[in-house]
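The values are calculated or read from the model by the stated rules, or taken from the named source; none is laboratory data. Small disclaimer: the values here were computed from a predicted structure and weren't measured. Because the Cβ atoms are built from the backbone with ideal geometry, glycine has one as well, and the counts that use them run over all protein chains shown.
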Amino acid sequence: MTCPKRPGVAITAMIAAALLVSQFTIAQTKQGTQPAKTKAQVQAIIKTQVRQVLFDVVVTDGKNRPITGLKREDFSVTENGVPQNILSFEAHTNTRRSPASAEPPLDLSNVPVNTFMNLSGAREDLPLNIILYDMLNTTVTDQPFAREEIKKFLMHKPQGSLYAIFVLAEKLHLLQGVTDDEAQLLAVMDSRAAGSQSITRGAPNPDAVSLSKALGDSGLIPNYAGAQAMLDRLRHLEGLGDSYALERRAELTLAAFSEIARFLRGVPGRKNLLWLSGSFPLGALPGQDPIDPFSRAVDFNSALEQASNQLTLSQVAVYPVDIRGVTNSSIYDSANNRQYSPSSLDEDRSQFMKQLAAEHNTMDEIAHFTGGHAFYETNGFEQALHVATEDGSNYYTLSYSPSDTKFDGRLRKIHVKVVRKGLRLSYRRSYFADDDSRLAQRKSQAPLERADAAMERGAPNDRELLFSVHAEAVGSPAAVTPEQIHDLSQFSPFANVKNWDSVKMQKYELEYALLKKQVTYLVATDGSRHANLEFLYAAYDADNNLLDNGVWRGDPTILVQHSDQAHAGVYRAKQILEIPATTSWLRIGVRDAVDARIGSLEIALPLRAE
């Protein structure tokens, strides 16, 4: 997959000029209303289906420097040991355009107040990066350091690169939607939501001493079988509690991966997930041996299979970064005043080494499986983030059609080689060969999932369809009507509302401008052309909860005598929208239902005074 080309300044000017042209007004309908049916000419089309496995390969030397300039013939691919024929090959590099040949940055400073376009000045030769600040698995003492390191990195991020920031605490929270605005990214890292938190089920304090350890060190427990059995039972109970807490952390972490994969599922191209954490409480990835850092039989394979598969399907490479840096056992900490017995000293030292090795193994495996790279035992935190960004900016996209046509849902392993020696390759190492029924189901759901992804709070702007929209608040907030109460009750923030007097609705007028030449038309038997455009919206509160959504549909028709207008000029659509007055973010989308292309953007509310 490739991103759409960034339009030039001329197209920007055309969309801005579209605000002055009026073509039609679309009537308002509620979501679920069927568009008017038209008779289209039926043409004979021969269809064929070829399965393709698409994946990205990052090639670096021994110093983690990207290797560019490789050709298709430099690569070879095997699936389960069987050689495969490479069908497509594309090289991506952030140095492929010279400054002289690069397009000038878009100047959107002269756009009228409260007029918004799904364009930006972000560089499309750089990948989309998602920072996952994992406070759930990071101790309170390590969180301030992680926060400052993230801020230092953002102050020196590549200009024009896109970032979004998630925080994982008791649940996953989108702290900042996709933006290239450095000031905005730094501001949210200074907000209360990014401040240090003591999580109920979070990572334990490594310096904490359990009751059983304290009693064992004290020498107060008599050295006879009954007393030692009581101490062992206490250790067992403590172990059960630790196991339960660790399992909950692992489940929440995997759920966060799945949610981020869904957030990115509609975004084309490679994405980097920078997982910044103080511990990594997961088991083995699909096809690997189980990892059991605390001698517990906990199987996360099913959840890992789902999360990892979702990440690879969304072309997300995971870069785990251990924010603890060079890690030493608390045994050697000068602040540790615990009096160890010889046996407890050996036990703690051994447990620390096993736990650390297991966590590093987890980091390596999830990076290995998704095509990323793990960073640990290093204090070069900012450098690690830059390497991850550099990796995601210089890579090769390959595809092949599997020679094994028996698709039964089983795991298949991918192996890639290059002709040059001494190079390091990062790519996803396997995939699940879904059967035809599951593949057909996923294909049928793809257009709906694509539209849902485009309307996600904080998602990047979609630019398959370019448009502008002017928003204006109409009047003051008004009381909800019985019909609006019925509609809003379907959304979780209003599910338990008993007194609706405090809920107000704000009316907005939205005026859209869309270039006609972007629209796909169906040609009826009488020669007239019909388009099927959908105008979508989603309203979110300050905590990113969905408050309301819907779609308006229209069927603009170009008559036979005016068929020359089908690809000339612009459409302009006017929409009256009423949403909860507590809306902080309004997501807008325009979708061509004929070929499922979509454009989207996000508006921060309240609007600026004009």
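Quick check, is Leu385 out of contact with any Lys or Arg (no Cβ under 6 Å at 6 or more places or on another chain), within 22 Å of Ile86 (Cα to Cα) and not polar (S, T, N, Q)?
Criteria not met by Leu385.
Name the single residue, out of those in segment 81-95 being touching a Ser or Thr at 6+ places or on another chain (Cβ under 8 Å) and assigned to a loop (DSSP other than H, G, I, E, B), that is modelled with the lowest pLDDT.
Here the residue is Thr95.
Sort out which residues of segment 153-172 are surrounded by 13 or more Cβ atoms within 10 Å (Cβ to Cβ) and more than 19 Å from Val316 (Cα to Cα), and write them in order of number.
Within segment 153-172, the subset surrounded by 13 or more Cβ atoms within 10 Å (Cβ to Cβ) is 153-154, 157-158, 160-170, 172.
Listed by number, the residues that qualify are Phe153, Leu154, Lys157, Pro158, Gly160, Ala169, Glu170.
Does at least one position in segment 200-218 carry a residue that is modelled with pLDDT of 80 or more, surrounded by fewer than 18 Cβ atoms within 10 Å (Cβ to Cβ) and more than 16 Å from the chain's Cα centre (by Cα)?
No, segment 200-218 has no match at all.
Could you tell me how many of the residues in segment 181-190 are in contact with a strand residue (DSSP E or B) (Cβ under 8 Å, 6 or more places away or on another chain) and surrounded by fewer than 19 Cβ atoms within 10 Å (Cβ to Cβ)?
Summing the residues that are in contact with a strand residue (DSSP E or B) (Cβ under 8 Å, 6 or more places away or on another chain) and surrounded by fewer than 19 Cβ atoms within 10 Å (Cβ to Cβ) in segment 181-190 gives 2.
When you scan segment 409-451, how many residues do you find that are in contact with a strand residue (DSSP E or B) (Cβ under 9 Å, 6 or more places away or on another chain) and without any contact (Cβ under 8 Å) to a residue 24 or more places away in the chain?
Of the residues in that region, 1 qualify.
Condition first: in contact (Cβ under 8 Å) with a residue 40 or more places away in the chain and either part of a loop (DSSP other than H, G, I, E, B) or over 29 Å from Ala596 (Cα atoms) (or both). Now tell me which residues in segment 466-477 satisfy that.
Start the filter on segment 466-477 by keeping residues that are in contact (Cβ under 8 Å) with a residue 40 or more places away in the chain, which leaves 466-474, 477.
Leu466, Ala473, Val474, Pro477, listed by residue number.
If you go through segment 280-298, how many residues are touching a Lys or Arg at 6+ places or on another chain (Cβ under 8 Å) and at pLDDT 65 or above?
Summing the residues that are touching a Lys or Arg at 6+ places or on another chain (Cβ under 8 Å) and at pLDDT 65 or above in segment 280-298 gives 1.
Tell me, which residue of segment 502-539 that is under 27 Å from Glu472 (Cβ atoms) and charged (D, E, K, R) is nearest to the chain's Cα centre (by Cα)?
For segment 502-539, the residue satisfying everything is Glu534.
Going through segment 395-425 one residue at a time, which ones are more than 18 Å from Glu79 (Cβ to Cβ) and among the hydroxyl-bearing types (Ser, Thr, Tyr)?
Tyr395
Mind checking whether some residue in segment 414-437 is in a helix (DSSP H, G or I), modelled with pLDDT of 80 or more, of a type outside the set (D, E, K, R) and over 29 Å from Val113 (Cβ atoms)?
No: segment 414-437 contains no residue that is in a helix (DSSP H, G or I), modelled with pLDDT of 80 or more, of a type outside the set (D, E, K, R) and over 29 Å from Val113 (Cβ atoms).
Answer yes or no: is there a residue in segment 468-491 that is on the phi > 0 side of the Ramachandran plot, in the same structural domain as Ile598 (by TED's automatic domain parsing), surrounded by fewer than 17 Cβ atoms within 10 Å (Cβ to Cβ) and not aliphatic (A, V, I, L, M).
yes
Could you check segment 571-610 and list, in sequence order, the residues that are assigned to a loop (DSSP other than H, G, I, E, B) and not acidic (Asp, Glu)? Explain how you work it out, then say what you get.
So the first thing to find is which residues in segment 571-610 are assigned to a loop (DSSP other than H, G, I, E, B), and the list is 581-584, 593-596, 605-610.
Within segment 571-610, Ala581, Thr582, Thr583, Ser584, Ala593, Val594, Ala596, Leu605, Pro606, Leu607, Arg608, Ala609 qualify.
Of everything in segment 360-386 that's small (Gly, Ala, Ser) and part of a helix (DSSP H, G or I), which residue is surrounded by the most Cβ atoms within 10 Å (Cβ to Cβ)?
Only one residue tops the list, namely Ala384.
Kindly evaluate Ala317 against the criterion of being at pLDDT 55 or above, among the small types (Gly, Ala, Ser) and more than 26 Å from Val58 (Cβ to Cβ).
Numbers: at pLDDT 55 or above: yes; among the small types (Gly, Ala, Ser): yes; more than 26 Å from Val58 (Cβ to Cβ): no.
Against the criterion (at pLDDT 55 or above, among the small types (Gly, Ala, Ser) and more than 26 Å from Val58 (Cβ to Cβ)), Ala317 does not qualify.
Yes/no per residue for (1) closer than 28 Å to Ser468 by Cα; (2) in contact (Cβ under 8 Å) with a residue 24 or more places away in the chain; (3) part of a strand (DSSP E or B):
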{"site": "Gln490", "(1), (2), (3)": "no, no, no"}
{"site": "Lys498", "(1), (2), (3)": "no, no, no"}
{"site": "Asp501", "(1), (2), (3)": "no, no, no"}
{"site": "Met505", "(1), (2), (3)": "yes, yes, yes"}
{"site": "Glu511", "(1), (2), (3)": "yes, yes, yes"}
{"site": "Thr520", "(1), (2), (3)": "yes, yes, no"}
{"site": "Val523", "(1), (2), (3)": "yes, yes, yes"}
{"site": "Asp526", "(1), (2), (3)": "no, yes, no"}
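Kindly check whether there is at least one residue in segment 151-174 that is under 32 Å from the mean Cα position of the chain (by Cα), modelled with pLDDT of 90 or more, among the basic types (Lys, Arg) and under 25 Å from Gly380 (Cα atoms).
For segment 151-174, residues under 32 Å from the mean Cα position of the chain (by Cα), modelled with pLDDT of 90 or more, among the basic types (Lys, Arg) and under 25 Å from Gly380 (Cα atoms): present.
What residue, among those in segment 127-139 that are in a loop (DSSP other than H, G, I, E, B) and crowded, with 23+ Cβ neighbours inside 10 Å, is nearest to the chain's Cα centre (by Cα)?
Within segment 127-139, the match that is nearest to the chain's Cα centre (by Cα) is Pro127.
Looking at segment 54-74 only, could you name the residues that are in a loop (DSSP other than H, G, I, E, B) and at negative phi?
Asp61, Gly62, Lys63, Arg65, Ile67, Thr68, Leu70, Lys71
Can Ala454 be described as surrounded by 15 or more Cβ atoms within 10 Å (Cβ to Cβ), touching a Ser or Thr at 6+ places or on another chain (Cβ under 8 Å) and under 30 Å from Arg265 (Cα atoms)?
In short, yes.
Which ones in segment 137-167 are within 15 Å of Gln184 (Cβ to Cβ), of a type in the set (Val, Ile, Thr) and in contact with a Leu (Cβ under 6 Å, 6 or more places away or on another chain)?
Across segment 137-167, the qualifying residue is only Ile165.
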